[in-house]
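Written below as structure tokens is the structure these notes are about.
The values are calculated or read from the model by the stated rules, or taken from the named source; none is laboratory data. This structure is a prediction, so every number in the text was calculated from the model and none was measured. Heads up, the Cβs are rebuilt from the backbone with ideal geometry, glycines too, and the neighbour counts pull from every protein chain shown. Areas reflect the complete protein model, heavy atoms only, side chains present, ligands, DNA and RNA absent. Shrake-Rupley method; radii C 1.70, N 1.55, O 1.52, S 1.80 Å.
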Amino acid sequence: MRYLPLTAADRQSMLEKIGVRHIDDLFKDVPNAVLNPEIDLPRHKAEMEVERHLSRMAGKNTAAGSVPFFVGAGAYKHHVPASVDHLIQRGEFLTAYTPYQPEIAQGTLQYIFEFQTQVAQLTGMDVANASMYDGSTACAEAVLMARRVTRRKKAIMAGSLHAHYRAVVETTTQYTEDVIVAQKPNPADPEAELKAVIDAIDDETSCVVVQNPGVFGHVLDLRPVAEAAHAKKALLVVVVTEVMSLGLIQSPGEMGADIVVGEGQSIGNGLNFGGPYVGLFATNQKYVRQMPGRLCGQTVDADGKRGFVLTLSTREQHIRREKATSNICTNAGLCALAFTVHMTLLGEKGLRGVAKVNHKNAIALRDAMKAVNGVDVLTNAFFNEIAVKLPKAAAGVVDALAERGVLAGVPASRLYAGDGLDDVLIMAATETVTADDIDVLKGALEEVL
Amino acid sequence: MAMNSQGRPTAATGGSDGKQFESFSGHVGLRLAEPLIFELGTTETTGVDYEDTSDLELSCGGLERTGEIGCPGLAEPDTVRHYTRLSRRNYGIDMGVFPLGSCTMKHNPRLNEKVARLPGFGDIHPLAPKGTVQGAYQLMDELSHWLMTLTGMPAVALSPKAGAHGELCGVMAIRAALEARGDAREVVLCPESAHGTNPATAAFCGYKVKSIPAKDNGRVDLEALKAALDDTVAAVMITNPNTCGLFENEVREIADEIHKAGAFFYCDGANFNAIVGKARPGDLGVDAMHINLHKTFSTPHGGGGPGSGPVVFSDALKDFVPVPYVLKTDDGFDIVEDQTGKSFGRLTAFQGQMGMYVRALSYMLSHGSDGLKQASEDAVLNANYVLASLKDVMSPSYDGPCMHEALFDDRFLKDTGVTTLDFAKAMIDEGYHPMTMYFPLVVHGAMLIEPTESESKTNMDQFIRSMRGLAEAAKAGEVARFEGAPYHAPWSRLDETQAARQPILRFAAE
Amino acid sequence: MIKFTEEHEWLEVEGDVATVGITDYAQNALGDVVFVELPEVGATYDKGDEVAVVESVKAASEVYAPLAGEIVEVNEALEGEPALVNTAALDAGWFFKMKLADVGDLDDLMDETAYNEFVEGLD
């Protein structure tokens, strides 16, 4: 077995040193009746065989890069520079542990400090943590944090919030004291959707959770929501599922957010069929001690040299146990590194540039959809994603287009079954989309409709 | 003759004497100083090329971001150099023995990295039309089959994103099952030696947490557990093998008592790596157990994640698993995404950590049933070898045999002036990552050593020599070797008090 | 008059208002204090309620109400300088002032001699 270095002779001499005859003497605490069960699984395989087996499985899937691709709704196909993957595969990053021994983990700690700063700058907030599992779990943590800050229990979810995020919030809080008020999605009238949020804020409200751009692609000015929330001493939580949008659209911080959570996948991380991704969590200085998750802070070593450590850990489970702010233990270290490396390559200039290419392609997509008979575009102000109304059920159209080699988007019914949105399709166009792709999509759609 | 004389001297001169000279650059040879990117880059520099869109008319509702963002960039050469330099300040499994107890720092096979990056896995969208990702569902199904077979459990939820998330999944399923029978109950019992996530999780699910004591032999006190079990107890959370590195030899009696009281047995599977192929949690009466794919099945720790924490369930809980889950149908695979029936809900936006599933399955296929069992045996053998080789100079907390990790406490350091922390830092100077220190909390000055199966006997013998040397040095009164250690790491000890008193959590230009 | 509790708090009483802090023994056991979470002025507590949290780098410890009463003042200096708890536990490092519900309850607490004996018994 290529991963196991001990030889039979090694094992024998080690057993002798320990003073037992047989390996099972070391398993004597395991009840005899259950020791060494028959395991009906194949025996070991050579590297080449495993690769062949898994490659065949992978070959049954349609890779996003191989077709005209417009699928978004919370996960986005972007170009990740080759150097990102090279750097995160360095063994010193890949095979390190959580930096609990800071003298030999300054590489990890410094990039976390850079990550925290980048996320704070992008979101327009004071501070960010070292990352969460993903955007949806970060969203649930934001609701819990708002309860701790305001000592109120009612959280309002705007209709613009991704259905899965809403479900994660509802599931996560189902056994806590939190009360979740979820509003209906209204892709045809985002202003009305926002007004419904404002109207729902009352003196019991801990926070309102609004997604921008919304799940149907709408970009909105959230200042009126921020004002309404703050007037009632509630917090505004802004969710960003497409972090690339922060290169074009005003930041949540500029619009008055108190907590910003996001899915950072778009920068540095591939689609990966849903994970691993990287959750972003940022807030203002005054709420730092209510934040969940790991935090890295600057300090000095015994020689006065600048260095970094994990800090404020008394908030966390390994110290507070049942009184912790969250049960979260890990972050998404390596995905955060990918984010930071890609963000460093982009810089402010590249981020703005690539974001604008996304926007340009989305405009081209909108124009092409407008030109298709029977299709209504529902999204006027957007970043790289739009919702369109089709003359028939979107799910069937998406499948028919997939058979023609075009992955056209996410039918709203897949996220909002039973909400009367069966004819709505959510479509994204990132920098990876070409003019040809849009032509092929348009032609195929006209055939299918 | 041709006098082809060499232009440079070839004998070794110099040596350590020159170390007194400070460099002009701030670098020290291969130890390269490296500032933050915010001190290096500029907002006008970028390491990517993109299409010019300067004359584009925007369609974003007049909400264009115009102010400075504050994220400098670097061109590719400087980016590669910056992060390469940072990486060299880290210790990883690739560099040496990493005996961090409870964390299972085993070798990360590179095949797993390669296959996870196949476009058919790495470049597919979680909401892509189902017909275009059948191979991905198949992979999830095959992984599920391996996990269920190895644990002897009839159901699995793959989506939890880490061990603690898996605990949440398990306890939520338990609560959902209890509520379904109209009996939510109030209390979860955890041993004193539990991971901090256990009580945090139970509290999160609305339960009061009560502690159960351990016996002198480091196992759960069955009599005390019996006394604490009544019809208010929802679940008992026990790590097995436990956090002291010991197998709970009365686990079947424990399970029986839990079930007799109408409660559920949650097993923290953090240490499943000791018994894969040797014993199945399903045979031990477990109702739910999370499996840390990043420990047991060797997906990389990555400096603190991403993890992955699938949960296996018994028959009593299998109807309550969260969405989404994959179903095998007559014409391929389907995925259930909407909460229906008894499912307790959804824990994450998509399917969970697909990238980790691919790596874990690759690891399992490579080992096979025979190799997985051998890996468990080798992990236990290596840990017992450490225990046997150090027991005369250090103080083992319990008599052997242990499972995959050996627990020592600080009795052997009594009156030496050396603490567990000092001892750990001195290991850094020996070229090792320290063992886990001060956990579990049930012994004083704990040192938990988990060598894993990845270490050869040569590596083990070197490590043992080093540990014996340190233990003897401490007893011989060489306090100076320890109290300021590490002396040879890139950084000396860092001031955690200052970091916490005046938190600086981001770069700010002065 | 100074009184002590078995939870290592001290009370200095003037009239019906007690200034409360933690003892030198307690600050020494906690190590470097990095943060103190103080109660809100006006809040009322019963004896034994959790009033404040004191954090070192590696631990968080609750401070319990030594007696029933209402918080009338908190030591805001601790916010910027938590180290006062270490350097001046018995004066500048005080936590809060509490208007006691019943001054007579003070009789249940230890005086300095009794507390010192209590602490010696712990080691």
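Under 12 Å from a label point 7 Å along Cα→Cβ of B:H145: give me every residue in region B:308-350 with its amide N that close.
Under 12 Å, as judged by backbone N against the label point of B:H145, lie B:328 of region B:308-350.
Over what distance in Å are the Cα centres of region B:122-180 and region B:201-276 separated?
Rounded to whole Å, the Cα centres lie 24 Å apart.
For chain B, what does the accessible surface come to per residue with a 1.4 Å probe? Please give it in Å².
About 36 Å² of surface per residue is accessible.
Among B:H294, B:N242, B:L222, which residue has its Cα positioned farthest towards the positive end of the charge dipole of region B:209-318, with +1 placed on the Cβ of Lys and Arg, -1 on the Cβ of Asp and Glu, and the dipole taken about the Cα centre?
Comparing the listed Cα positions along the dipole, B:H294 ranks first.
With +1 on each Lys and Arg Cβ and -1 on each Asp and Glu Cβ, and nothing else charged, work out how big the dipole of chain C is about its Cα centre, in Debye to the nearest 20.
240
Specify which residue in the list B:N384, B:S343, B:S362 is farthest towards the positive end of the charge dipole of region B:324-386, using unit charges on the beta carbon of Lys, Arg (+1) and Asp, Glu (-1), about the Cα centre.
The residue sitting farthest along the positive end of the dipole is B:N384.
Looking at region B:369-485 from every direction and averaging, what is the projected area of its Cα convex hull in nm²?
Hull-based average projected area comes out at 7.1 nm².
In Å², what does the accessible area per residue of region A:86-239 work out to with a 1.4 Å probe?
For region A:86-239, the per-residue accessible area is 27 Å².
Which of the GluC sites (Glu not before Pro) found in region B:153-214 are in a DSSP loop and have at most 16 neighbouring Cβ atoms, other than their own, within 10 Å?
B:E186, B:E192
Counting partner chain Cβ atoms within 10 Å of every residue's Cβ in B:481-494, what's the average?
5
At a probe radius of 1.4 Å, figure out the B/A buried accessible area, summed over both chains, and give it in Å² to the nearest 100.
Summing both chains' loss of accessible area gives about 16900 Å².
I'd like the carbon and sulfur percentage of the solvent accessible area for the protein assembly as shown, probe radius 1.4 Å, heavy atoms only, ligands and nucleic acids excluded.
47
Is there a simple number for the mean count of other chain Cβ atoms within 10 Å of the Cβ of residues in B:132-143, and what is it?
Per-residue shielding by partner chains comes out at 5.
Take the Cα of B:D319, step 7 Å along the line toward its Cβ, and report every residue of region B:330-348 whose backbone nitrogen sits under 14 Å from that point.
B:340-344
Quick one: dipole size for the protein assembly as shown, taken about the Cα centre, charges +1 on Lys/Arg Cβ and -1 on Asp/Glu Cβ, in debye to the nearest 20.
3260
Could you please state, rounded to a whole Å, how far the C-alpha centre of region B:46-86 is from the C-alpha centre of region B:354-424?
So the separation of the two Cα centres works out to 47 Å.
Which of the peptides B:253-266, A:203-216, B:86-99 is most tightly packed, and how do the rest follow, judged by the mean count of other Cβ atoms within 10 Å per residue?
Ranked by mean Cβ neighbours within 10 Å, highest first: A:203-216, B:86-99, B:253-266.
Which GluC sites (Glu not before Pro) from region A:8-87 combine a DSSP loop assignment with at most 16 other Cβ atoms within 10 Å?
A:E38
If you take the beta carbon distance between A:T176 and A:A417 as r and set R0 to 35 Å, what does 1/(1 + (r/R0)^6) give as a FRET efficiency, to the nearest 0.05?
It comes to 0.85.
Toward the positive end of the charge dipole of region B:89-222, about the Cα centre and with charges on Cβ (Lys, Arg +1; Asp, Glu -1), which of B:G131, B:L158, B:L111 goes farthest?
It is B:L111, whose Cα lies furthest towards the positive end.
State, to one decimal in nm, how far the label point of B:T232 lies from the label point of A:A46, with both points 7 Å from Cα in the Cβ direction.
Between B:T232 and A:A46, the simple spin-label model gives 6.3 nm.
Using a 1.4 angstrom probe on protein heavy atoms only, which residues from region A:357-375 are buried by at least 30 Å² of accessible area when all chains are present rather than their own chain alone?
Hits at the 30 Å² cut-off: A:V357, A:H359, A:K360, A:I363.
Which value in deg cm²/dmol, rounded to the nearest 500, describes the helix-derived mean residue ellipticity at 222 nm for chain B, given -39,500 (n - 2.57) per DSSP H run of n ≥ 4 and division by the residue count?
Counting only the DSSP helices, I get -10000 deg cm²/dmol.
Compute the orientation-averaged projected area for chain B from the convex hull of its Cα atoms and round it to one decimal in nm².
36.8
With θ set to phi - 60° and the Karplus curve 6.51 cos²θ - 1.76 cosθ + 1.60, what are the ³J(HN,Hα) couplings of region A:243-260 in order, to the nearest whole Hz, using x for Gly and Pro?
With coefficients 6.51, -1.76 and 1.60, one gets 5, 4, 4, 5, x, 10, 9, 3, 6, x, x, 5, 8, x, 5, 9, 9, 10 Hz.
Kindly point out which whole DSSP H helices in chain A project their C-alpha atoms 24 angstrom or further along the helix axis while averaging a Kyte-Doolittle hydropathy of 0.0 or above.
Helix filter hits for chain A: A:333-370.
Of the beta bridges DSSP finds with both residues in the protein assembly as shown, what % are antiparallel, to the nearest 5?
70
Near B:R65, within a Cβ-to-Cβ distance under 15 Å, what is the net charge of the other residues, with Lys and Arg +1 and Asp and Glu -1?
-2
Can you give me the distance in nm between label points at B:D461 and A:K184, each placed 7 Å from the Cα along the Cα-to-Cβ direction?
7.6
Any chance you could check the Cα centroid distance between region A:410-425 and region A:340-356 for me, in angstrom?
Taking the Cα centre of region A:340-356 as reference, the centre of region A:410-425 is 33 Å away.
Can you tell me the dipole magnitude for region B:369-485 around its Cα centre, using point charges on the Cβ only (Lys, Arg +1; Asp, Glu -1), in Debye to the nearest 20?
My answer is approximately 220 debye.
Leaving out ligands and nucleic acids, and using a 1.4 Å probe, what accessible area per residue does region C:1-105 come to in Å²?
Accessible area per residue: 45 Å².
Can you run the Rg to Rh ratio on the protein assembly as shown? Use alpha carbon positions and the Kirkwood inverse-distance Rh.
0.97
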